[in-house]
Protein chains: 2
Amino acid sequence: MEQKNVPCCEEEVVHPDAVARVRSQLPEDEVLYDLAELFKIFGDSTRVKILYALLESELCVCDLAGLMDVTQSAVSHQLRVLKSSKLVKFRREGKTVYYSLADEHVVRILSQGMEHIQE
Amino acid sequence: MEQKNVPCCEEEVVHPDAVARVRSQLPEDEVLYDLAELFKIFGDSTRVKILYALLESELCVCDLAGLMDVTQSAVSHQLRVLKSSKLVKFRREGKTVYYSLADEHVVRILSQGMEHIQE
DNA sequence: CAAACAAATGAATAGATGTTCATATGTTAA
DNA sequence: TTAACATATGAACATCTATTCATTTGTTTG
């Protein structure tokens, strides 16, 4: 019950060979960072709900705000995030801006996630 | 330049029909929440890196800590998160705990995400 | 032009999250 | 049992993030 220095693999890993191999196969840090950034977008229920809604139909900001329990402002902020990650696209028609999903990746990512949580 | 009440679709959506249809098709809020929770897990570069590493090889906590620029503690904390979301599994061998990916969903979700950012 | 309204934006705030440090668990071996 | 060590965990802190409110921008129509 005494306290000791617990270095715990400070400069030493347990399986140097495996680690070396993994390191050589690992994508660049920047890529992994970008990937995490992408998933971060999906990691918010407001945004996921927006994406699922757009899966069914093209909608304007007002529609989305009405569909969910959030402000028009909140929806708009989130749409900006989705837009800048190229997950949604939009077209303007008069005062109204219609949003829709950008591509099939979005659908597939959502589906894979859904499969996971439903097993 | 005067300020007005700007209700902006306060009790009114622009396309009630589309909204009604979408609403009827939309998954339960709870499901969407869980889905977002899942993606949140992938939305951190440390965790994504761990997952990618485990894609190549089963590794122990020490190995993972050595592979990345984070503390053993940080890795352990994140492994706990990954574990509780059933994204990784583990087996104990003496003092060492080996972690590996839980199933193919993880791989597929990572792949879909990777595809998206690399186009 | 001015009013009306959908959408976007900036600032502020409250809440969530990841890391670190210190320490506790649990297992092996002397 | 005790030392050593891999792993886990709790608390504290700093950072990030999503929402709201207030306001602005941009478009249409009187």
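The values are calculated or read from the model by the stated rules, or taken from the named source; none is laboratory data. From a predicted model like this one, the values you see are computed outputs, not experimental measurements. For neighbour counting, all protein chains shown are included, and Cβ atoms are generated from backbone atoms with ideal geometry for every residue, glycine included.
Are any residues in the stretch B:63-74 of a type outside the set (D, E, K, R) and under 17 Å from A:Leu26 (Cα atoms), and if so, which ones?
Scanning the stretch B:63-74 gives B:Leu64, B:Ala65, B:Gly66, B:Leu67, B:Met68, B:Val70.
Would you please name the residue that is nearest to B:Leu51 (Cα to Cα), looking only at residues in the stretch B:69-98 that are in a helix (DSSP H, G or I) and within 6 Å of DNA strand D (Cβ to nearest atom)?
B:Leu79
Given the options B:Ser57, B:Ser73, name the one that is within 8 Å of chain A (Cβ to nearest Cβ) and over 20 Å from A:Asp34 (Cα atoms).
Working: B:Ser73 fails: within 8 Å of chain A (Cβ to nearest Cβ).
Just one listed residue meets the conditions, B:Ser57.
Quickly run through the stretch B:63-79 and pick out the residues that are of a type in the set (Val, Ile, Thr) and surrounded by fewer than 19 Cβ atoms within 10 Å (Cβ to Cβ). Walk me through how you get there before you give the answer.
Taking the stretch B:63-79 as the starting set, the residues that turn out to be of a type in the set (Val, Ile, Thr) are B:70-71, B:75.
Within the stretch B:63-79, B:Val70, B:Thr71 qualify.
Does any residue in the stretch A:72-85 that is within 13 Å of A:Val97 (Cα to Cα) come within less than 9 Å, Cβ to Cβ, of a residue that is within 6 Å of DNA strand C (Cβ to nearest atom) and part of a helix (DSSP H, G or I) six or more places away or on a different chain, and which pairs are these?
From residues that are within 13 Å of A:Val97 (Cα to Cα), the pairs are A:Gln72/A:Val61; A:Gln72/A:Cys62; A:Val75/A:Val61; A:Val75/A:Cys62; A:Ser76/A:Val61; A:Leu79/A:Val61.
State all residues of the stretch B:20-44 that are over 12 Å from the mean Cα position of the chain (by Cα) and more than 7 Å from chain A (Cβ to nearest Cβ); if no residue qualifies, say none.
Selection gives B:Ala20, B:Ser24, B:Glu28, B:Asp29, B:Glu30, B:Val31.
Out of the stretch B:99-119, which residues are closer than 18 Å to B:Ser57 by Cα, crowded, with 16+ Cβ neighbours inside 10 Å and either within 11 Å of DNA strand D (Cβ to nearest atom) or not aliphatic (A, V, I, L, M) (or both)?
B:Tyr99, B:His105, B:Arg108
With the condition kept exactly as written, say whether any residue in the stretch B:36-56 is under 16 Å from B:Ala102 (Cβ atoms) and modelled with pLDDT under 95.
yes
Is it the case that some residue within the stretch B:67-85 is at pLDDT 95 or above, more than 20 Å from A:Glu115 (Cβ to Cβ) and among the charged types (D, E, K, R)?
yes
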